[in-house]
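**Student:** Please see the structure below; I have some questions.
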Amino acid sequence: MPTVAANSGEPAASFRYFDVIMALFVAVLLISNIASTKILTLWKFTFDGGTILFPMSYIFGDILTEVYGYRRSRKVIWTGFFATLMMSLILWVVQVLPPAGEWPYQEAFEKVIGFVPRIVLASLVAYFAGEFTNSWLLSRLKLLMEGKYLWMRTIGSTLAGEGIDTLLFCLIAFYGLLPGNLLLTVFLSNYIFKCTVEILFTPVTYAGVRFLKKRENIDVYDRGISYNPFRFM
């Protein structure tokens with residue numbers, strides 16, 4: 001397979017699997033936001049429901065950055081950002097519109113789905129900071145380590161990205177709503193659970209990276225690119 005520098009000579013042809021991975025990434029993000037409205041306990045962990053699925057977004061992010069490079073990963077991150085923002089706005093509009101007279105669930109809707117705007121604000125800020133930290137660090141480590149030690153790079157970038165993501169999310173979403181000890185428990189449980197999933201799924205990440213590099217015939221090294229997260233392309 002070719003080794004491609006992101007600033008020169010990238011193939012112009014479309015990729016067979018890029019759009020599929022982007023769609024799955026966005027789906028994971030949207031589902032996680034809705035699921036985050038419930039706090040649950042599983043074994044010794046207490047966390048929001050979105051934590052069950054959200055670590056998959058970092059796995060997809062690792063695969064995207066490793067195979068397609070930071071610039072395409074940045075495009076996917078922004079796509080997820082705008083999709084989440086649109087979902088939040090639609091849910092808010094639906095909530096404030098008057099319910100039909102025979103529909104008795106407005107109060108229940110407001111108690112559950114009505115909590116989503118704050119969750120989504122927390123998710124957007126945390127997601128933006130965490131995903132770009134993960135993608136940037138993974139890209140830089142790939143250059144530094146000359147493409148070797150993928151497991152070290154994915155785990156290291158996830159520890160940093162998930163740490164920032166989880167801290168910001170918990171503070172924005174739950175500060176003032178949950179007691180301090182429960183908020184700390186939620187933060188630690190979220191962080192430990194997410195990082196554990198990432199580590200356990202390392203063989204899956206390896207398999208996905210190997211499959212895509214072979215099928216797409218590409219392996220991007222981000223030499224000489226702009227890491228500005230506010231550029232869509």
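The values are calculated or read from the model by the stated rules, or taken from the named source; none is laboratory data. Computed from a prediction, not measured in an experiment: that's the story for all the values here. As a convention, Cβ positions derive from the backbone with ideal geometry for all residues, glycine included, and neighbour counts pool all protein chains shown.
**Student:** For residue 41, which of the numbered conditions (1) touching a Ser or Thr at 6+ places or on another chain (Cβ under 6 Å); (2) not in a helix (DSSP H, G or I) fails to hold?
**Tutor:** Going through (1) touching a Ser or Thr at 6+ places or on another chain (Cβ under 6 Å); (2) not in a helix (DSSP H, G or I) one by one, residue 41 breaks only (1).
Rundown of residues vs (1) closer than 25 Å to residue 193 by Cβ; (2) surrounded by fewer than 17 Cβ atoms within 10 Å (Cβ to Cβ); (3) in contact with a His (Cβ under 8 Å, 6 or more places away or on another chain), yes/no style:
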| residue | (1), (2), (3) |
| --- | --- |
| 55 | yes, no, no |
| 58 | yes, no, no |
| 73 | yes, no, no |
| 86 | no, yes, no |
| 99 | no, yes, no |
| 114 | no, no, no |
| 122 | yes, no, no |
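**Student:** A further question on this structure: Could we say that residue 51 is crowded, with 16+ Cβ neighbours inside 10 Å, touching a Phe, Trp or Tyr at 6+ places or on another chain (Cβ under 6 Å), over 19 Å from residue 225 (Cα atoms) and not small (Gly, Ala, Ser) here?
**Tutor:** Values: crowded, with 16+ Cβ neighbours inside 10 Å: yes; touching a Phe, Trp or Tyr at 6+ places or on another chain (Cβ under 6 Å): yes; over 19 Å from residue 225 (Cα atoms): yes; not small (Gly, Ala, Ser): yes.
Yes; evaluated as a whole, the condition is true for this residue.
**Student:** Further, regarding this structure: Let me confirm something: among 139, 135, which residue is within 28 Å of residue 34 (Cα to Cα) and either at pLDDT 95 or above or under 18 Å from the mean Cα position of the chain (by Cα) (or both)?
**Tutor:** Working: 139 fails: within 28 Å of residue 34 (Cα to Cα).
That would be 135, the only listed residue that is within 28 Å of residue 34 (Cα to Cα) and either at pLDDT 95 or above or under 18 Å from the mean Cα position of the chain (by Cα) (or both).
**Student:** Testing residue 180 on (1) out of contact with any strand residue (DSSP E or B) (no Cβ under 7 Å at 6 or more places or on another chain); (2) at pLDDT below 95; (3) under 23 Å from residue 78 (Cα atoms), one condition comes back false. Which one is that?
**Tutor:** Unmet for residue 180, out of (1) out of contact with any strand residue (DSSP E or B) (no Cβ under 7 Å at 6 or more places or on another chain); (2) at pLDDT below 95; (3) under 23 Å from residue 78 (Cα atoms): (3).
**Student:** Still on this structure: Among the residues of region 175-216, what is the count of those that are within 21 Å of residue 163 (Cα to Cα), part of a helix (DSSP H, G or I) and in contact (Cβ under 8 Å) with a residue 12 or more places away in the chain?
**Tutor:** Residues meeting the conditions: 17.
**Student:** Let me ask something else about it. Does residue 45 satisfy being over 16 Å from the mean Cα position of the chain (by Cα) and within 25 Å of residue 163 (Cβ to Cβ)?
**Tutor:** On the way: over 16 Å from the mean Cα position of the chain (by Cα): yes; within 25 Å of residue 163 (Cβ to Cβ): yes.
Yes; evaluated as a whole, the condition is true for this residue.
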